[in-house]
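The values are calculated or read from the model by the stated rules, or taken from the named source; none is laboratory data. Keep in mind that what you see is a predicted model, and the values were worked out from it rather than measured. Here the Cβ positions follow ideal geometry from the backbone for every residue, glycine too, while neighbour counts run over all protein chains shown. To get the accessible areas, we keep the full protein, side chains included, count just its heavy atoms, and leave off ligands, DNA and RNA. Shrake-Rupley method; radii C 1.70, N 1.55, O 1.52, S 1.80 Å.
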Amino acid sequence: MSQRFSVLVLGATGFIGSVIAGRLREEGHAVTGLGRHPDRARNQHPDIRWLKADLNDLGRAGDWAPLLRDQDVVVNCAGALQNGLHDDLAAAQERAMLALYEAAKQAGLRLVIQISANTMDAGAETAFLSTKRAADRALASSGVPYIILRPAVVIGRNAFGGTALLRSLSALPGPIPLAYADSPVATVSVEDVATCVARAVTGMIPADGDYDLAAAEDMSFRDLVTLHRAWLGLPPARILALPGFLAGPVSALADLAGKFGWRSAMRSTAIAVMAGGVSSGRQGAVPAGVTFMKASQALARHPAGVQDLWFARLYLLKPLIVVVLSIFWMLSGLIPLFDPAGAASFLRPFMPVAAVWFVTFATCAVDIALGLAVLYRPWTRRALLGMLIVSAAYLAGGTILTPGLWLDPLGPFVKVLPSMVLAGVAIAILEER
């Protein structure tokens, strides 16, 4: 029987980290998962000990000391694609890691496993890869036993970020528009990544090593989208190869959304990486004794169900739904301001003049505020709930005061119902992982 260890998994609620944490627990290790929002994961995996922490706040060795107590191994699966409202790459991927290595050395940790990337590929100058590269170099020179694993594009049963975008693109109706369609894309199964981590924890992969993780096959972005389309059970579609410069406006909008807390897979970092492609690795060795599944094999292990098709089709619709709701509510508040007297006219038979003007301007302000708030990711759920509550109040008040509007041929009341349904749909699909 192989030896069992206490393992702290950073980013254990994420796409890669959740699989690794589950695999280590299955093999009998005592797993502690660390994440910013572990409540849902705690309900799903009560056999894992969960800690709530933000790497942005762990910039000193002393911050790590209580987290490393009684731990043998740390597996770092945490990371973010780009700076944003909640993500500071220099803090989380560099300063926090340097503090971790110092604390790990003081605590006499047996091993630190870093899930990194091929930091010398395309996009090497981006904050994502430059901070990863700085952390990798610091780990290698820290004196702490280490293993750096550099997976290519990771695919698996679940999807997040780039893998979610792959599925959504593959499910588009008609010709599929792709920039950088012929860029090379190496892949690795998330299960194979978990296997390498499990072998590293037990010493089957030598420490103080740097390893590339990728299947031995040549694929392009076009091939990968086509493969995912077949996995979803959809008929073949023509790939419409677009010039790369057309990705610029899309990434600019995605970067802007990032400042409001939305983590789009189409931000400029992802586009910079895709422009040059993702190689099968040039920085490290290949772990001995591990055979990596091809992308087709990895997908075939988990046949797609209708829920996967729903997710793929809704993924790109979600931002459109939020933007449409925002525009709808802002316009509903702004348009009456062009003719406030006309907008207030139907209230005059029911209340004093001062109250009429107050209600008119107050409801316009509420509508505009909700339209703006829904765009700010930390407030989105509350804004959507507010839309439902305010819509219900409008309908109830309007029905009492002017029930005849239900019969109006322009349907001012009836049109509120679809917007309420759309807000409900947005709430249902709001979670990212």
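Calculated from the alpha-carbon coordinates, segment 98-146 shows an Rg and a Dmax of 11.8, 37 Å respectively.
Here the Karplus relation 6.51 cos²θ - 1.76 cosθ + 1.60, evaluated at θ = phi - 60°, turns the backbone of segment 193-198 into coupling constants of 4, 4, 4, 5, 5, 4 Hz, with x for every Gly and Pro. Computed extension length for residue 320-residue 385: 21.6 nm, one decimal, from 0.36 nm per residue of separation with the Cα-Cα distance subtracted.
The residues of the chain have, on average, 47 Å² of accessible surface per residue, using a 1.4 Å probe with all protein chains present. Accessible surface of the chain, 1.4 Å probe: 64 percent of it comes from carbon and sulfur atoms. The per residue volume of the convex hull around the alpha-carbon atoms of segment 54-125 is 90 Å³. Note on residue 432: accessible area is roughly 50 Å² with a 1.4 Å probe, heavy atoms of protein only. Given R0 = 60 Å, the distance between the Cβ atoms of residue 230 and residue 140 translates into a calculated FRET efficiency of 0.90. Working ranking of peptides 41-53, 290-302 by packing, defined as the average number of other Cβ atoms within 10 Å per residue, highest first, is 290-302, 41-53.
When the scattering of the chain is computed by the Debye formula from its Cα atoms alone, each counted once and equally, what is log10 I(q)/I(0) at q = 0.06, 0.08, 0.10 Å⁻¹? After summing over all Cα pairs, the log10 values are -0.32, -0.54, -0.78. Against the chain, whose longest principal axis is taken from its Cα atoms, helix 317-334 shows a tilt of about 30°. Once you reduce segment 83-158 and segment 211-246 to the center of their Cα atoms, the two points are 28 Å from each other.
Convex hull of alpha carbon positions in segment 370-413: directionally averaged projected area 3.4 nm². Computed from backbone phi with θ = phi - 60° and the Karplus coefficients 6.51, -1.76 and 1.60, the 3J(HN,Hα) list for segment 344-357 is 8, 4, 6, 8, 4, x, 10, 7, x, 4, 4, 5, 4, 5 Hz; x is used for glycine and proline.
Applying 0.36 nm per residue to the separation of residue 182 and residue 240 and subtracting their alpha-carbon distance, the gain on full extension is 19.8 nm.
Bin all alpha-carbon pair distances of segment 282-379 at 5 Å intervals from 0 and give each bin's fraction as a whole percent. Over segment 282-379, the share of Cα pairs per 5 Å bin runs 2, 10, 12, 11, 9, 8, 8, 8, 6, 6, 4, 4, 4, 3, 3, 2, 0 percent.
Both radii come from the Cα set of segment 225-324: Rg as radius of gyration, Rh as Kirkwood radius; their ratio Rg/Rh reads 1.02. Taken along the Cα-to-beta-carbon direction at a fixed 7 Å, the label points for residue 369 and residue 429 span 2.9 nm.
Within segment 1-98, the percentage of alpha carbon pairs spaced more than 19 angstrom apart rounds to 39%. The distance between label points at residue 157 and residue 351 comes to 5.4 nm (points 7 Å beyond Cα on the Cα→Cβ vector).
On the basis of the beta-carbon distance and an R0 of 41 Å, residue 306 and residue 408 show a calculated FRET efficiency of 0.55.
Residues whose amide H comes within less than 5 Å of that of residue 239, counting only those at least five positions distant or on another chain, are 176 (H built at 1.01 Å from N in the peptide plane).
FRET efficiency for the residue 288 to residue 69 pair, using the beta carbon distance and R₀ = 30 Å, is estimated at 0.35.
Just the number: Rg to Rh for segment 119-167, Cα atoms, Kirkwood Rh, two decimals. So for segment 119-167, dividing Rg by the Kirkwood Rh gives 1.07. The angle separating the long axis of helix 247-259 from the principal Cα axis of greatest extent in the chain is about 80 degrees.
For segment 1-45, a Kirkwood hydrodynamic radius built from all Cα pairs, placed in the Stokes-Einstein relation at 10 °C and 1.306 mPa s, yields a translational diffusion coefficient of 150 µm²/s.
For every other residue with a beta carbon closer than 13 angstrom to the beta carbon of residue 103, add +1 if it is Lys or Arg and -1 if Asp or Glu, then tell me the sum. Charge balance in the 13 Å sphere: +2.
Taking amide H positions as modeled 1.01 Å from N, with prolines and chain starts lacking one, the residues under 5 Å from residue 219 and 5 or more places away or on another chain are 185. Which log10 I(q)/I(0) values, to two decimals, does segment 167-218 give at q = 0.14, 0.20, 0.22, 0.30 Å⁻¹ under the Debye formula with one point per Cα? These q points yield log10 I(q)/I(0) values of -0.59, -0.83, -0.91, -1.17. For residue 75, the residues whose amide H sits under 5 Å from its own are 8, 9, 10, 113, ignoring neighbours fewer than 5 places away on the same chain, with H placed 1.01 Å from N. Quick one: helix 96-107 against the long Cα principal axis of the chain, what's the angle to the nearest 10°, folded into 0 to 90? Approximately 40 degrees, to the nearest 10.
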